[in-house]
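Worksheet: one structure, shown below.
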Amino acid sequence: MIDRLAPEHRSWLMSRVRGTNTTPEMRVRRAAHALGFRFRLHRKDLPGTPDLVFPKTRVALFVHGCFWHRHLGCKKASLPKTRPEYWHQKFALNVERDERARVALERLGWKVSVIWECETKDPLQIATYLQALLSRRSEGPRQPS
Ligand SMILES: [Zn+2]
């Protein structure tokens with residue numbers, strides 16, 4: 001089949017594929033906004049370009065797709081039937097990249113958290129998650145680790 005996508009549509013599609021402004025992320029952004037938390041999006045100067053960054057509590061939050069980032073035990077993280085070697089390698093790279101970003105961020109003093117796509121269905125669940133994540137840090141001086 002001949003590719004008949006207009007360039008604009010193609011770049012829109014590619015941004016969807018890359019995972020920017022995907023629906024689960026939008027849901028988390030909406031919830032964070034509704035709760036009044038201040039955050040920045042896609043800080044490219046930070047390792048792994050965290051989806052949401054909360055400067056006040058120094059929290060870097062990733063909204064991960066269960067399939068691409070391999071949510072353990074999640075049924076959305078199934079393995080495609082065809083070309084298993086290809087997928088294994090691709091997934092291993094993704095997981096490795098995520099892990100590297102987490103380590104690098106923690107070295108820089110960020111608390112790193114992941115909210116999974118399948119956990120973003122219920123706005124109330126997101127709100128509870130964000131509140132627990134972001135209020136704990138503002139309680140007092142940082143504990144030495
Ligand atoms: Zn999941």
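The conditions are (1) in a loop (DSSP other than H, G, I, E, B); (2) hydroxyl-bearing (Ser, Thr, Tyr); (3) without any contact (Cβ under 8 Å) to a residue 60 or more places away in the chain, and Thr128 fails exactly one of them. Which is it? Looking at each condition in turn, Thr128 falls short on (1).
Among the conditions (1) aliphatic (A, V, I, L, M); (2) within 13 Å of the ligand (Cβ to nearest atom); (3) at pLDDT 95 or above, the only one that Val112 does not satisfy is (2). Here region 101-115 is the region considered, the condition is being within 14 Å of the chain's Cα centre (by Cα) and among the basic types (Lys, Arg), and the residue that is surrounded by the fewest Cβ atoms within 10 Å (Cβ to Cβ) is Lys111.
Within region 21-65, the set of residues being part of a loop (DSSP other than H, G, I, E, B) and of a type in the set (A, V, I, L, M, F, W, C) comprises Leu35, Phe37, Phe39, Leu46.
Any residue that is in contact with a His (Cβ under 9 Å, 6 or more places away or on another chain), more than 11 Å from the ligand (Cβ to nearest atom) and within 11 Å of Glu117 (Cα to Cα) - is there at least one of those in region 52-63? The answer is yes, given that some residue of region 52-63 is in contact with a His (Cβ under 9 Å, 6 or more places away or on another chain), more than 11 Å from the ligand (Cβ to nearest atom) and within 11 Å of Glu117 (Cα to Cα). Only one of the listed residues (Arg83, Arg97) is of a type in the set (D, E, K, R) and at pLDDT below 95. That residue is Arg83.
The values are calculated or read from the model by the stated rules, or taken from the named source; none is laboratory data. Just so you know, these numbers come straight off a predicted model, no measurement behind them. Every residue, glycine as well, gets a Cβ built from its backbone with ideal geometry; the counts of neighbours run over all protein chains shown.
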